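Asker: Quick one: structure below, then a few questions.
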Amino acid sequence: MAIHSILKMGDPRLLRLAQPITEFGTAGLHQQVQDLWDTMQAASGAGLAAPQIGIDLQLVVFGSEDRNLRYPDRPLVPPTVLINPTITPLGDSEEEDWEGCLSVPGLRAKVPRWSRIRYQGFDVYGAPIDRSVDGFHARVVQHECDHLWGTLYPMRVRDFRQFGYVDAML
Ligand code: NI
């Protein structure tokens, strides 16, 4: 069990385009995945991307078998390891909802996302993943994959009146 510190916004490692993974099923990759889960769970996150713990690879984990402390009212998302992902919007419908990020502690904003997406990629063994999802599941995937492309949610905020500190929001 290895809980890593999470890089915070301002760290240039969060702004890189992460490298694709070329070897699957290795001991090193399994260890990185476990470290991501451990760190995500310790921080009560809904997801975590490898760049957030300083690993320059296209690897994210998200979802939970249990209710999440930070998002207790949100639908469950199946625990997923997603590697080298691509996202295709299904239709052009967008929706705004609240997001936070472990790399932007204490803050929340309303962020526009595609309502429905298809996401593709690979699991830790290199088996393909291909899902079409909507709602909170689609939002989490878009948020986590953004980390692989050097994008943090504040960069997508349109209405900065809906951006602030959680403990100041009523
Ligand atoms: Ni994040």
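Asker: If you go through segment 1-31 one residue at a time, how many are away from the ligand (no atom under 13 Å from the Cβ) and buried (at least 19 other Cβ atoms within 10 Å of the Cβ)?
Answerer: The qualifying residues number 3.
Asker: Checking V124 against (1) of a type in the set (V, I, T); (2) over 16 Å from V166 (Cβ atoms); (3) not in a loop (DSSP other than H, G, I, E, B): exactly one of these is not met. Which one?
Answerer: (3)
Asker: Out of the residues in segment 98-121 that are more than 12 Å from the ligand (Cβ to nearest atom) and not in a strand (DSSP E or B), which is surrounded by the most Cβ atoms within 10 Å (Cβ to Cβ)?
Answerer: The extreme case among them is S115.
Asker: With (1) within 15 Å of the ligand (Cβ to nearest atom); (2) assigned to a strand (DSSP E or B); (3) within 24 Å of G28 (Cα to Cα) as the list, and H147 as the residue in question, which single condition is left unmet?
Answerer: (2)
Asker: Across segment 62-97, what is the total count of residues that are in contact (Cβ under 8 Å) with a residue 60 or more places away in the chain, in a strand (DSSP E or B) and within 16 Å of the ligand (Cβ to nearest atom)?
Answerer: Total satisfying the criteria: 3.
Asker: Which ones in segment 55-97 are open to solvent by 60 Å² or more (accessible area, probe 1.4 Å), farther than 22 Å from G121 by Cα and of a type in the set (S, T, N, Q)?
Answerer: Within segment 55-97, just S93 meets the criteria.
The values are calculated or read from the model by the stated rules, or taken from the named source; none is laboratory data. Note that the coordinates shown come from a computational prediction; the quantities given were computed from them, not determined experimentally. Neighbour counts are summed over all protein chains in view; Cβ atoms, including those assigned to glycine, are modelled from backbone coordinates with ideal geometry. Only protein heavy atoms, including side chains, enter the accessible area calculation; ligands, DNA and RNA are left aside. Shrake-Rupley method; radii C 1.70, N 1.55, O 1.52, S 1.80 Å.
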